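Asks: Take a look at the following structure, please.
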Amino acid sequence: MTSAVTTLVPFEKVLETFDPTMGLEVHVELNTATKMFCGCPTEFGAEPNTQVCPTCLGLPGAMPVVNGAAVESAIRIGLALNCEIAEWCRFARKNYFYPDMPKNFQTSQYDEPICFEGYLDVEVDGETYRVEIERAHMEEDTGKATHIGGATGRIHGASHSLIDYNRAGIPLIEIVTKPIRGTGAKAPEVAKAYVAALRELVKGLGVSDVRMDQGSMRCDVNLSLAPKGSEVLGTRTETKNVNSLRSVERAVRYEMSRHAGILSAGGSILQETRHFHEGDGSTSAGREKSDAEDYRYFPEPDLVPVAPAREWVEELRGTLPEPPAVRRARLQEAWGFSDMEMRDTVGAGALELVEETIAAGAAPQAARKWWLGELARRANDHGLELTEVGVTPVQVAEVQGLVDAKTINDKLARQVFEGLYAGEGTPAEIVEKRGLAVVSDDGALSAAVDNAIAGNPDVAQKIRDGKVAAAGALIGAVMKEMRGQADAGRVRELILAKLT
Amino acid sequence: MPEISRDEVAHLADLARIDLDDAELDHLAPQLNVILESVASIQGVAGDDVPPTSHPIPLVNVFRDDVIRPGLTPQEALSGAPEVDEQRFSVPRILGDEQ
Ligand SMILES: [Zn+2]
């Protein structure tokens, strides 16, 4: 363990002396109904130890059987990542003793991954970086340990640990990149863009929830620095369980600064795992890589090899959706979004939602405006995904339809959304129940306009003198009197008709 | 002839979390060697035309449908646990080993 305080080198300075090399390992939990080797359910958030059986508890005599749907998902992920699919491969036992794995080994794949040699192109600031994929292999998740008595839920200071095996045995695909070099100052952003692109791709395949906040997608970040221009790789550290896109970027940035600090002071990097801290974006020492890494892999004798027929592989290739980049370009063209509007839409995870809203009849800009404005704000305030805000794309299109028909305005639409969050019925019903429709009765509007003119004689005079821009103040007064339930365009027309 | 050294036995014991003292290591290392020699005699029988195998039956692609099957109740699952707390297995802390 290193205990010396390390001086961080400012990020910009790091690049003057060093080139970064990254390696990213991403675990994706598949959304199959059952576990990798047994028929236990995989639902997130169940009561502890309610989704277990002799196989995933590692009880004597229990025999695993491979979930065919998980193999299919693994192959589809591999194909989407432009990988080769193994003609024949086996599972292997990764032996280690830790209570999160009751069998005392994790069933994984070792030197025969089901997918290998692929790539994923990612874009950063208009430039494309090809991230090469070393392998994507099948394995099983571990149980969840909660450390009791430690201050931070970590093992340090803990008196004992409580284990829930619901997660043990859930199918995982581990996707490992080759060393990513030549990204320079863009390294943190390339890392983030890669994980984001991978998430989008896997989501598009429909094989995982890819919820980083729930752990169904997790990233380990390997990083090393080499003197600028050197072909020799430096010693790497592996920052484990970096669980948001922003954290991936921050972890790379921090480790680059930390490594540079140690190397510049003539020190050497310890090959170790590191923990990431969300609070300040720093990392701290974990396990030192040593004999403990000796997993004594050997082929799993309880499972027969997987040999996907080429016909099956080609059939699965036929099920692949349009690649995300191609799809994005097509949608951007169709919707007439600027590059920035498109980037924001994708970044907010709103692409599908906007697409469905448009399909339900809303104009592209209106669909974007609601999902990235009002609804994104609600998601943010309540720590929800956009898909969970309690409003469907069809409802958003209905609300926009009411705006287009001038039944309500944008401000009133926000109240309709509040009604939708509260489950008060369809948008039209909410407008009815809450009495939100704008007053289209010209008699009432006309009276309110007269009141506004009477109450603001100076403004009225300006308009009579030709300063039409001053009408805004009167419109505001009318809207106030109408409690927002008026069509501002119609109000303006009435004001101008009376004064000019 | 394969040979397993005393150091290797100590290393394996460490990996397997088995605490062996010097006397036990002295005793076990030669015994393991005898076992390895016996296994090696089987290896001698296999000619170059016999590929190594990890499974005795030449089967591939034995898959299960992705259908939920009833497992154990939490009570059954925890019935063999030395200690239970909050419907979970309670285990001693393990130092220097956080995964
Ligand atoms: Zn099970």
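Laboratory data are not the source of any read-out in this text; all were calculated from the coordinates shown. Please read these numbers as outputs of a predicted model, since none were measured by experiment. When we count neighbours, we look across all protein chains shown, and the Cβ atoms used for this are built from the backbone with ideal geometry, even at glycine.
Asks: Tell me, in nm to one decimal, what length is gained between A:Ala185 and A:Gln214 on full extension, where the rule is 0.36 nm per residue of separation less the Cα-Cα distance? Walk me through the numbers on the way to the answer.
Replies: On the way: separation 29, 0.36 × 29 = 10.44 nm, distance 3.03 nm.
The span from A:Ala185 to A:Gln214 would gain 7.4 nm if fully extended.
Asks: Which of A:Arg236, A:Arg246 comes first, and how do the rest follow, when ranked by fewest Cβ neighbours within 10 Å? Walk me through the numbers before you get to the answer.
Replies: Values: A:Arg236 20, A:Arg246 12.
Lowest to highest Cβ neighbour count: A:Arg246, A:Arg236.
Asks: To the nearest 500 deg cm²/dmol, what mean residue ellipticity at 222 nm is calculated for chain B from DSSP H runs of n ≥ 4 alone, each contributing -39,500 (n - 2.57), summed and divided by the residues? Intermediate results must be reported in sequence, preceding the final value.
Replies: Values: 3 runs with 39 residues, N = 99.
Computed mean residue ellipticity for chain B: -12500 deg cm²/dmol.
Asks: Moving on. Considering only A:Ile463, A:Gln365, A:Ile133, whose Cα is most displaced toward the positive end of the charge dipole of chain A, charges sitting on Cβ of Lys, Arg (+1) and Asp, Glu (-1)?
Replies: Comparing the listed Cα positions along the dipole, A:Ile463 ranks first.
Asks: Let me ask something additional. What does the extension gain come out to for A:Ser338 and A:Phe44, with contour length at 0.36 nm per residue minus their alpha carbon separation? Each step should come with its number before you reach the end.
Replies: Working: separation 294, 0.36 × 294 = 105.84 nm, distance 3.79 nm.
Going from the current span to full extension adds 102.1 nm.
Asks: Let me ask something additional. Within segment A:311-367, which GluC sites (Glu not before Pro) sit in a loop by DSSP and count at most 14 neighbouring Cβ atoms inside 10 Å?
Replies: Numbers: sites: A:Glu311, A:Glu314, A:Glu315, A:Glu333, A:Glu341, A:Glu352, A:Glu355, A:Glu356; in loops: none.
Here no GluC sites (Glu not before Pro) fit, given the DSSP loop and packing criteria.
Asks: Now for a separate question. Averaged across B:57-63, how many Cβ atoms of other chains sit within 10 Å of each residue's Cβ atom?
Replies: Numbers: counts 1, 2, 3, 9, 11, 7, 10.
The mean count of partner-chain Cβ atoms within 10 Å per residue comes to 6.
Asks: A follow-up question, please. Tell me, what HN-Hα J-couplings in whole Hz come from the Karplus equation 6.51 cos²θ - 1.76 cosθ + 1.60 at θ = phi - 60° for each residue of segment A:188-204, using x for Gly and Pro?
Replies: Each residue of segment A:188-204 in turn: x, 6, 5, 4, 5, 5, 5, 5, 5, 5, 5, 4, 5, 5, 5, 4, x Hz.
Asks: What ranking do A:62-68, A:24-30, A:378-384 get when scored by the average of other Cβ atoms within 10 Å per residue, highest first? Walk me through the intermediate numbers first.
Replies: Numbers: A:62-68: 17.9, A:24-30: 22.1, A:378-384: 13.0.
So the order, starting with the most tightly packed, is A:24-30, A:62-68, A:378-384.
Asks: How large is ³J(HN,Hα) for each residue in segment A:375-389, as worked out from phi by the Karplus curve 6.51 cos²θ - 1.76 cosθ + 1.60 (θ = phi - 60°), to whole Hz, x for Gly and Pro?
Replies: 6, 5, 5, 5, 4, 5, 4, 10, x, 10, 6, 4, 5, 10, 6
Asks: Once R0 is set to 35 Å, what does the formula 1/(1 + (r/R0)^6) return for the Cβ-Cβ distance between B:Asp21 and B:Phe63, expressed as a FRET efficiency to the nearest 0.05?
Replies: For B:Asp21 and B:Phe63, the calculated efficiency is 0.15.
Asks: Let me ask you something else. With θ taken as phi - 60° and the coefficients 6.51, -1.76 and 1.60, list the Karplus ³J(HN,Hα) couplings across segment A:475-489 in order, rounded to whole Hz; mark glycine and proline as x.
Replies: 3J(HN,Hα) across segment A:475-489, in whole Hz: 4, x, 5, 5, 4, 5, 5, 7, 6, x, 8, 9, 8, 4, x.
Asks: In addition: Could you list which residues have their amide H under 5 Å from that of B:Ser54, counting only those 5 or more apart in sequence or on another chain, with H placed in the peptide plane?
Replies: none
Asks: So, R0 is 51 Å and r is the distance between the beta-carbons of A:Ala469 and A:Tyr421; what FRET efficiency does that work out to, to 0.05? Show your work: numbers first, answer last.
Replies: Details: r = 37 Å, r/R0 = 0.73.
With a Förster radius of 51 Å, E is 0.85.
Asks: Measure out, as a whole number of angstrom, how far apart the alpha-carbon centroids of segment B:1-42 and segment A:467-499 sit.
Replies: If we compute the Cα centre of each part, the gap is 92 Å.
Asks: To continue, here is another question. Across the residues of B:49-55, average count of Cβ atoms on other protein chains within 10 Å? The partial results should precede the final answer.
Replies: On the way: counts 0, 0, 0, 1, 3, 11, 8.
What the average comes to for B:49-55 is 3.
Asks: Hand me the GluC sites (Glu not before Pro) from chain B located in a DSSP loop with no more than 12 other Cβ atoms within 10 Å, in residue order please.
Replies: Values: sites: B:Glu3, B:Glu8, B:Glu24, B:Glu37, B:Glu76, B:Glu83, B:Glu86, B:Glu98; in loops: B:Glu3, B:Glu83, B:Glu86, B:Glu98.
Passing sites in chain B are B:Glu3, B:Glu83, B:Glu86.
Asks: Calculated FRET efficiency, A:Ala359 and B:Val45, Cβ-Cβ r, R0 45 Å, to nearest 0.05? Present the calculation step by step, with values, prior to reporting the outcome.
Replies: Details: r = 68 Å, r/R0 = 1.51.
The formula returns an efficiency of 0.10 here.
Asks: Restricting to Cα pairs below 8 Å that are 6+ residues apart, what does the relative contact order work out to for segment A:442-499? Please round to a whole percent.
Replies: Details: 48 pairs, mean separation 22.7, N = 58.
The normalised contact order for segment A:442-499 reaches 39 percent.
Asks: If packing is taken as the average count of other Cβ atoms within 10 Å, what order do A:464-473, A:105-114 fall into, highest mean first?
Replies: By packing density, highest mean first, the sequence is A:105-114, A:464-473.
Asks: Sort A:Trp88, A:Trp312 by Cβ crowding within 10 Å, fewest neighbours at the top. If you can, show how the numbers build up before the last one.
Replies: Working: A:Trp88 12, A:Trp312 15.
Ordered from fewest to most neighbouring Cβ atoms within 10 Å, A:Trp88, A:Trp312 come out as A:Trp88, A:Trp312.
Asks: With just the Cα atoms defining each centre, how far is segment A:162-189 from segment A:209-241? Give it in Å.
Replies: Cα centroid to Cα centroid, the span is 8 Å.
Asks: What length, rounded to one decimal in nm, is gained on full extension from A:Phe11 through to A:Ala329, with 0.36 nm per residue of separation minus their alpha-carbon distance?
Replies: On the way: separation 318, 0.36 × 318 = 114.48 nm, distance 3.30 nm.
Gain on extension, A:Phe11 to A:Ala329, equals 111.2 nm.
Asks: Which pairs in the list A:Lys144/A:Lys240; A:Lys240/A:Lys369; A:Lys144/A:Lys186 are over 27 Å apart, alpha-carbon to alpha-carbon?
Replies: Details: A:Lys144/A:Lys240 15 Å; A:Lys240/A:Lys369 37 Å; A:Lys144/A:Lys186 35 Å.
Listed pairs above 27 Å: A:Lys240/A:Lys369; A:Lys144/A:Lys186.
Asks: Compute the distance in nm between two label points, each set 7 Å from the Cα along the Cα-to-Cβ direction, one at A:Ala428 and one at B:Asp14.
Replies: Taking the two extended label points, one gets 7.5 nm.
Asks: Right, next: In square nanometres and to one decimal, what's the mean projected area of the convex hull around the Cα atoms of segment A:347-393? Show your work: numbers first, answer last.
Replies: Numbers: hull surface 11.2 nm².
Computed as one quarter of the Cα hull surface, the answer is 2.8 nm².
Asks: Using DSSP, restrict attention to beta bridges with both residues in segment A:11-314 and report what percent are antiparallel, rounded to the nearest 5.
Replies: 95
Asks: Still on this structure: For segment A:228-258, list residues with backbone N below 16 Å from a point placed 7 Å from the Cα of A:Asp280 toward its Cβ?
Replies: What the label zone holds, given the 16 Å backbone N cut-off, is A:251, A:254-255, A:257-258.
Asks: Additional query: Isolated Cys in the protein assembly as shown by the 4.7 Å beta carbon test?
Replies: A:Cys38, A:Cys40, A:Cys53, A:Cys56, A:Cys89, A:Cys219, each lacking another Cys Cβ under 4.7 Å.
Asks: Let me ask something additional. Would you mind working out the magnitude of the charge dipole of the protein assembly as shown relative to its Cα centre, with +1 at each Lys and Arg C-beta and -1 at each Asp and Glu C-beta, to the nearest 20 Debye?
Replies: Values: 60 positive and 93 negative charges, 506 e Å.
Dipole magnitude for the protein assembly as shown comes out near 2440 debye.
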